[in-house]
1. With the calculation restricted to Cα positions, what are the radius of gyration and Dmax of the stretch B:145-283 in angstrom?
2. Counting Lys and Arg as +1 and Asp and Glu as -1, each charge on the Cβ, what is the dipole of the stretch B:11-157 about the Cα centre in debye, to the nearest 20?
3. If one takes the accessible area of chain A alone plus chain B alone and subtracts that of the pair, with a 1.4 Å probe, what total in Å², rounded to the nearest 100, results?
4. Which parts of the stretch A:175-201, residue by residue, lose 20 Å² or more of accessible area when the rest of the protein chains are there, as against the chain isolated (1.4 Å probe)?
5. How big is the accessible area of B:D38 in square angstrom, nearest 10, if you roll a 1.4 angstrom probe over the protein chains?
6. Place a +1 charge on the Cβ of each Lys and Arg in the protein assembly as shown and a -1 charge on the Cβ of each Asp and Glu, then give the dipole magnitude about the Cα centre in debye, rounded to the nearest 20.
7. Quick check for you: which residues of the stretch A:242-277 have the amide N under 18 Å from the point 7 Å beyond the Cα of A:D162 toward its beta carbon?
8. Can you give me the Rg/Rh ratio for chain B, using Cα atoms for both radii and the Kirkwood formula for Rh?
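The values are calculated or read from the model by the stated rules, or taken from the named source; none is laboratory data. Small disclaimer: the values here were computed from a predicted structure and weren't measured. Cβ: placed from backbone, ideal geometry, glycine included. Neighbour counts: every protein chain shown. All accessible areas refer to the heavy atoms of the entire protein, side chains included, with ligands and DNA or RNA removed. Shrake-Rupley method; radii C 1.70, N 1.55, O 1.52, S 1.80 Å.
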Number of protein chains: 2
Amino acid sequence: MRYPEILAIRSAPASVDYDEKDAILYALSLGAAAEPDDPAGLAFVYEKGLLTLPTFPAILARGSGPIIEEGGLDYLRIVHGEQRLRLLRPLPPRGRLVSQARCLGVVDKGADKGALVNIEDTISDAETGEPYATVILTLFCRGDGGFGGPAEGGLPIHEVPDRAPDLELALPTRPDQALLYRLNGDTNPLHADPETAVRAGFERPILHGLCTYGIAARAILRAYGENRPDRIAAFDVRFASPVYPGETIVTRMWKDGAVVSFDCVVAERGVTVIRNGRCELRA
Amino acid sequence: MRYPEILAIRSAPASVDYDEKDAILYALSLGAAAEPDDPAGLAFVYEKGLLTLPTFPAILARGSGPIIEEGGLDYLRIVHGEQRLRLLRPLPPRGRLVSQARCLGVVDKGADKGALVNIEDTISDAETGEPYATVILTLFCRGDGGFGGPAEGGLPIHEVPDRAPDLELALPTRPDQALLYRLNGDTNPLHADPETAVRAGFERPILHGLCTYGIAARAILRAYGENRPDRIAAFDVRFASPVYPGETIVTRMWKDGAVVSFDCVVAERGVTVIRNGRCELRA
């Protein structure tokens, strides 16, 4: 890691064009029409009156790559640790965006453990400059600890309540879920190639963390947001373990005022895959 | 219909660019990785060593629209009757093609019945000019009969044998199959919008005929072609009735030498959806 230079890096503004096909592919790759009786109906999957899912900005953010590269991070040893979203307003079904990222801060966990690097990517309208969303990534950089930075700090971690969940919603994934999700742009072979997956220590190819993230958001949007994407103001998670395509993701929710705390468990294995979830609802 | 002028129409050569993402989306939209134990493995859905499905040219043919328009056909009353393919060699996983169509011939069934219009679209390499495939459409033009053309002719119809099928293979479709298939380019609302479907006389949105076509080809490719796309030399069908997304398509096959006769039946309703199927195998 190039420290403290990394703290001053701004990625070059990246232009991002997308259209209805991208928005629909994203929704279908999260299973948005997999159940014939999905209460969202065609809202996210048909161009007439098309709405975009609240987590759509997560796949349109383009700035973290340049920060990783210019910041001198050891790319091959990075684990995607946390994902946050501040959504000012849902994206329109087509548009031209600008994505620009900066390093929000770093934490030095020591040479044997690694570093935490927080990157904030702002997604704005290319024409008006008005922001739509901020996407915040926390990278756990296992190869970058011991760089002499602060040992404390980082972003606050939300704790879910101690009581039993108020609501649980199970959403299935399919054997080809990761293969479809890859078409959104993250073509890391870890999500398709059995050999790569085994070399990385997994039984078989794993689902993208951001796919699980989007599925959790679909669950909360249905349970507490009437499937209206403008109801979601923030959506933050910590990734705990991967999902294998074909497994069922159970989102467990606790609602306290405008905040829905949540985590996600794989029904088949009882493993927690998302922890410390926090969704902020807008009235 | 502008007759006999239609017989002389050649569509302007259309340039068609496609890449691995298009080929993989096409395969996934035919359910090519829906079953975790599909014997084709990742052959059609992962960019490493990617092969394209033999029916892929069917969605890259661009010439029939201009023939329909310049030929003065009543677009709204056209039914897609038959589909044929001559495959010289499978398409590479990315490329630039030229699609050019001509009217092969017309049959006048009378003013009360309509017209049959055969359109042949040749798909060639844009650089070398070498053809990959010929895609032949038969349109049943219900609004164009009685134009004074020949009452007989047209393309030969293959009859399947009288004996019990040699082999049957059931392939499932999913509730969102048509929504995904639409992303290949045919965004007719008939395949997504319940109101449009009901107005057209269907219970709900129907699967694209070419999706059923591609699924039938996957069945034969698996049963008799070792999942090697170069084994398919020709693939011809007559569409009999639509499939509803979520239904199971049973392909019934009869093999006689290099020819596999086939039809397709929806398991849930016992309705024949493809008739007069003929697949020619290459050694």
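1. My reading of the Cα-based Rg and Dmax gives 16.3, 47 Å.
2. 180
3. Counting both chains, the buried surface is close to 2200 Å².
4. By number: A:P175, A:D176, A:L179, A:L180, A:R182, A:L183, A:A192, A:D193.
5. Its accessible surface works out to 20 Å², give or take rounding.
6. Using only the charged Cβ atoms, the result is roughly 120 debye.
7. Those under the cut-off are A:254-256, A:261-262, A:276.
8. 0.95
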